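Take a look at the structure below.
The values are calculated or read from the model by the stated rules, or taken from the named source; none is laboratory data. The shown structure was predicted, so the numbers you read here are calculated from the model rather than taken from an experiment. No Cβ is skipped: glycine too gets one built from the backbone with ideal geometry, and neighbour counts run over all protein chains shown.
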Amino acid sequence: MRIRGVQRRRGGSLTRSGRGVSRLATALTMAIVLWPYAISFSDQEMNFTLINQTPYYLHVTINNDSHLYIGPGRVVTEPVSGYGTVIAEVTYSPGQVISGTATKTFQPVRHDVTTGTNTCTDSGSNCQSSTSSSSTIDPISWTVTPADMATH
Amino acid sequence: MSNTGTLMLLTFVCTLAAPPGLLGQTDNESARSSVGLRGGYAWTPGEWADSRVAQGVAIFGGGLSFGGDIEFRLSTKLTLALDGGYTIFDGSDWEAYAESKGDHLSVTASMFYAAVLLRPHVKVTGSDRLRLELGPVVVFPDGKETFGGKTYAYDFYGTTRFGGMGGIEYQRLLNEDIAATVRASVIIVPSGVKYADGESRTLIALPVTIGIRFFF
């Protein structure tokens, strides 16, 4: 007996090819159900802030995104993933009779917060408890000073 | 709007409003559809082209400019053109300056632009023609520099921007269907250069070109 492309034995059990299709369908169903959570998990972004406290212009690279000629006292903000390592590299911009570079690696710190609620009806005789969890990520910043810059 | 932009806009409006007789144009000498090709040099006046590190030292120095357009006749004195061009900027000033400070770097920068231009034909005398142009422009900038063994894309000069374009073209008819042209244009793009720390500058380019136009 063939039902929608899945071959079924007389006793109701699936053949080998039928089980393969069934597993694929299960995997697809799970992927579809879990997809929104996967997106929200990987999309949690935060801002990385870099402050140039040197008297010179800087070339700044944050996770391979470059920002050039950042002025003294100026600030650069870059959205980064809250789940990965942030690598920031700064170099004195050319034409300033000074050379130096610095690299720092930052690991975002997440705080998971679980909130529990207890809902009762019928004068407290019928109670239901539920929990919800969320997470926050500490902002990351780097104030670059001349002391950070290794001259070469 | 800058003084130059205001003047261009006023001239353009007056031209559209003026009767054909005042423009020295008759129906026999009306605007025609055409295709044009051109080449020349583009100047880059203003602070936008300078290095942030050293004022007066150009990262985006003037350079060769090429372009082409196709224009369609709308009326006896007006055409609509789809115009595009490419300009290569010269970063040698900045390279030389950096070298003098002990840094070796190389700069590559260019700009592609596309515009939709209204072109009123303001004067026709014998085989000489003159027309203005004005319209919106979209600019696709591109630039990078290699410094310290690493190549950096110019983030401050790499985003598609919108602005305005105006100009004037003199046409000398060589025969009934071909004309030699001399054209001067101005491209103005507010925030055409925008640094990651918030500072922005208005991009101004002045391409002056000679070319040829085929009427159809």
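Observations
- Every residue from segment B:128-153 that is under 22 Å from residue B:193 (Cβ atoms) and aliphatic (A, V, I, L, M): B:137, B:138, B:139, B:153
- Among all positions in segment A:37-54, there is no residue which is more than 25 Å from the chain's Cα centre (by Cα), modelled with pLDDT under 70 and not hydrophobic (A, V, I, L, M, F, W, C).
- Residues within segment A:101-117 that are more than 9 Å from chain B (Cβ to nearest Cβ), surrounded by 16 or more Cβ atoms within 10 Å (Cβ to Cβ) and more than 22 Å from the chain's Cα centre (by Cα), tallied: 1
- Residue within segment B:81-95 that is farther than 30 Å from residue B:133 by Cα, more than 24 Å from the chain's Cα centre (by Cα) and within 14 Å of chain A (Cβ to nearest Cβ) present: yes
- Here B:163, B:167 are screened, and the one residue that is surrounded by 14 or more Cβ atoms within 10 Å (Cβ to Cβ) and in contact with an Asp or Glu (Cβ under 7 Å, 6 or more places away or on another chain) is B:167.
- Residue ID - farthest from the other protein chains (Cβ to nearest Cβ), chosen from residues in segment A:71-100 that are aliphatic (A, V, I, L, M) and outside any strand (DSSP E or B): A:98
- Among the residues here, residue B:41 qualifies as touching a Gly at 6+ places or on another chain (Cβ under 9 Å) and in contact (Cβ under 8 Å) with a residue 60 or more places away in the chain.
- Here residue A:72 meets the list (1) at pLDDT below 95; (2) more than 20 Å from residue B:153 (Cα to Cα) almost entirely, failing just condition (1).
- Of residues in segment B:35-70 being part of a strand (DSSP E or B) and within 14 Å of another protein chain (Cβ to nearest Cβ), the one nearest to residue A:74 (Cα to Cα): B:50
- The listed residue being away from every other protein chain (no Cβ under 14 Å) and under 26 Å from residue A:64 (Cβ atoms), out of B:216, B:140, B:162: B:140
- Residue list for segment A:50-70, filter: facing chain B (nearest Cβ under 8 Å) and in contact with a Ser or Thr (Cβ under 6 Å, 6 or more places away or on another chain): A:57, A:59, A:69
- All of (1) away from chain A (no Cβ under 14 Å); (2) more than 16 Å from the chain's Cα centre (by Cα); (3) buried (at least 20 other Cβ atoms within 10 Å of the Cβ); (4) free of Cβ contacts under 8 Å to residues at least 60 places away in the same chain hold for residue B:197 with one exception: (1).
- Extreme residue, farthest from residue A:90 (Cα to Cα), among residues of segment A:46-66 that are in a loop (DSSP other than H, G, I, E, B) and not hydroxyl-bearing (Ser, Thr, Tyr): A:55
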